[in-house]
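The values are calculated or read from the model by the stated rules, or taken from the named source; none is laboratory data. If you're wondering where the values come from, they're calculated on a predicted model, not measured in any experiment. Cβ placement follows ideal geometry from the backbone for every residue including glycine, while neighbour counts extend to all protein chains displayed. SASA here: full protein model, heavy atoms, side chains in, ligands and nucleic acids out. Shrake-Rupley method; radii C 1.70, N 1.55, O 1.52, S 1.80 Å.
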Amino acid sequence: MTSDLRLSVNKDVHPITVDTRETLLDTLRERLDLTGSKKGCDHGQCGACTVLVDGRRVKSCLTLTVTVDDREITTIEGLAGGDSPHPLQEAFIEYDAFQCGYCTPGQLCSAVGMLAEAQDGWPSAVSEGDGPVVLDEEEIRERMSGNLCRCGAYPNIVEAIRRVAP
């Protein structure tokens, strides 16, 4: 069974017909040639496939493409503003927040979504009180816990995010 959709990816509209069982990750990589998002575990456990849908982070390997019809999807390819890298991309480079780079697209998309969640006052499991969220090391680690780095670049990832956090 197929479905006709209108996908808005990185501000470009793509009319597309997809199998109703197709994941967003497969659509992005195999149909739209946006290969930045990685297929790590294909079970939603590693976060390498993280993208933003309407500004919220999602695991694209677990998201059916038919569920994102007419919603705004942002991949790693769409984070930069024209020729200028996103501030988090600059910070990841400055703080050596990657080694092999396989998880980096998912880490970056997740960090963008996480910063927006914190800015909106969403608490995490370690947030204290009802006041503004303070993005200290513990808070960042908790909020980024769904994104694994097999190389172990976590200290640098946390530091890069801290430098960009408001």
**Message:** Based on this model, can you work out whether residue 98 counts as touching a residue at least 12 places away in the same chain (Cβ under 8 Å) and open to solvent by 70 Å² or more (accessible area, probe 1.4 Å)?
**Reply:** yes
**Prompt:** Could you say which residue among 33, 42, 19, 26 is free of Cβ contacts under 8 Å to residues at least 60 places away in the same chain and buried (at least 17 other Cβ atoms within 10 Å of the Cβ)?
**Reply:** 26
**Message:** Suppose the filter is among the hydrophobic types (A, V, I, L, M, F, W, C) and crowded, with 19+ Cβ neighbours inside 10 Å; does residue 62 pass it?
**Reply:** no
**Request:** Look through 67, 75 and report the one residue that is of a type in the set (Ser, Thr, Tyr) and crowded, with 20+ Cβ neighbours inside 10 Å.
**Result:** 75
**Item:** Members of segment 45-59 found to be assigned to a loop (DSSP other than H, G, I, E, B) and surrounded by 20 or more Cβ atoms within 10 Å (Cβ to Cβ), listed by number
**Value:** 46, 47, 48, 49
**Message:** Looking at segment 60-88, I want the residues that are within 25 Å of residue 43 (Cβ to Cβ) and among the charged types (D, E, K, R) and have a partner that is open to solvent by less than 70 Å² (accessible area, probe 1.4 Å) and at pLDDT 95 or above with Cβ atoms under 8 Å, at least 6 apart or on another chain. Which pairs are those?
**Reply:** 69/3; 69/5; 69/7; 71/8; 71/53; 77/10; 77/34; 77/36
**Message:** If I filter segment 118-127 for residues that are closer than 17 Å to residue 36 by Cβ and in a helix (DSSP H, G or I), do I get at least one hit?
**Reply:** no
**Asked** If you take the residues of segment 131-155 that are β-branched (Val, Ile, Thr) and modelled with pLDDT under 95, which of them is surrounded by the most Cβ atoms within 10 Å (Cβ to Cβ)?
**Response** 133
**Complete:** Flagged in segment 11-41 as farther than 18 Å from residue 107 by Cβ and part of a loop (DSSP other than H, G, I, E, B), in numbering order, are 11, 20, 21, 22, 32, 33
